[in-house]
């Protein structure tokens with residue numbers, strides 16, 4: 001399978017860029033918990049290739065769109081790897097070919113990450129959502145454009161995911177009612193008109209890198225949202241230093257009450273973990289929702 005994918009990449013690269021592509025060396029890259037990955041040294045530079053046989057067919061195409069959005073007009077100072085080729089699964093698995101980023105770290109990187117994220121969140125849109133649906137992990141996200149943040153978060157994040165969970169895992173009528181009541185209470189809990197900021201969408205500690213060219217973002221699930229949605233994922237598992245948080249606040253101060261709101265926004269991510277992995281995430285999400293009723 002690996003050689004078939006590489007052969008397909010060579011063919012597609014030469015067709016799209018009208019340049020001969022020669023693979024001089026390939027090397028397995030560790031660290032990925034979902035996809036197969038390779039470092040490819042070529043006559044046109046060093047690339048990173050990943051592929052997967054057990055994900056939605058268009059997952060890597062959608063990921064490439066997120067990378068392109070993060071990279072277009074990028075004034076954040078963050079490194080966004082360029083998506084070179086993205087393939088939807090058909091006869092071969094879906095794959096994504098990116099520029100390779102070499103790892104590196106200095107003491108200043110934590111601060112640069114916080115400043116960069118703050119500047120990234122200053123890129124805004126007139127509505128919430130994205131150009132296409134995409135995936136947080138392997139879970140589809142309903143990204144239809146919506147001018148109303150409360151409606152977007154309530155219907156296109158919480159209700160959309162609760163319905164998916166109901167189809168694959170058990171949710172009692174009482175649990176469904178709890179989430180319905182939570183959605184009804186959202187006008188009292190979150191702002192109705194925050195700026196629609198571009199976010200990474202799945203920003204935990206495994207989805208940023210310190211490279212020789214500065215902090216980089218990888219594996220995005222981007223859309224335009226209340227920027228506090230980003231922070232909710234960042235705080236779930238830790239991995240971001242106090243320096244990063246201070247730098248973010250200094251660059252783009254958060255509104256009062258943000259700590260309480262991001263705990264509410266975390267319900268979406270905990271529900272997604274329940275949808276993907278099952279286990280105690282279900283009871284955790286329910287307990288979090290009940291706090292706000």
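The table below lists the values:
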{"quantity": "All positions within the range 69-99 that are surrounded by fewer than 18 Cβ atoms within 10 Å (Cβ to Cβ) and either within 20 Å of residue 18 (Cα to Cα) or assigned by TED's automatic domain parsing to the domain that holds residue 200 (or both)", "calculated": "82, 99"}
{"quantity": "Residue within the range 102-123 that is modelled with pLDDT of 95 or more, farther than 28 Å from residue 38 by Cα and surrounded by fewer than 14 Cβ atoms within 10 Å (Cβ to Cβ) present", "calculated": "no"}
{"quantity": "Sole residue being in contact with a strand residue (DSSP E or B) (Cβ under 6 Å, 6 or more places away or on another chain) and surrounded by fewer than 16 Cβ atoms within 10 Å (Cβ to Cβ), chosen from 255, 213, 263, 249", "calculated": "213"}
{"quantity": "Count of the range 143-168 residues which are over 13 Å from residue 274 (Cβ atoms), crowded, with 19+ Cβ neighbours inside 10 Å and touching a helix residue (DSSP H, G or I) at 6+ places or on another chain (Cβ under 7 Å)", "calculated": "4"}
{"quantity": "Subset of the range 256-278 [free of Cβ contacts under 8 Å to residues at least 12 places away in the same chain and not in a helix (DSSP H, G or I)]", "calculated": "256, 257"}
{"quantity": "Strands (runs of 3 or more DSSP E) fully within the range 1-115 counting 1 or more residues that are over 26 Å from residue 203 (Cβ atoms) and touching a helix residue (DSSP H, G or I) at 6+ places or on another chain (Cβ under 7 Å)", "calculated": "23-28"}
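The values are calculated or read from the model by the stated rules, or taken from the named source; none is laboratory data. A quick note: this is a predicted structure, and the numbers were derived from the prediction, not measured. Here the Cβ is made from the backbone with ideal geometry for all residues, glycine too, and neighbour counts use every protein chain on show.
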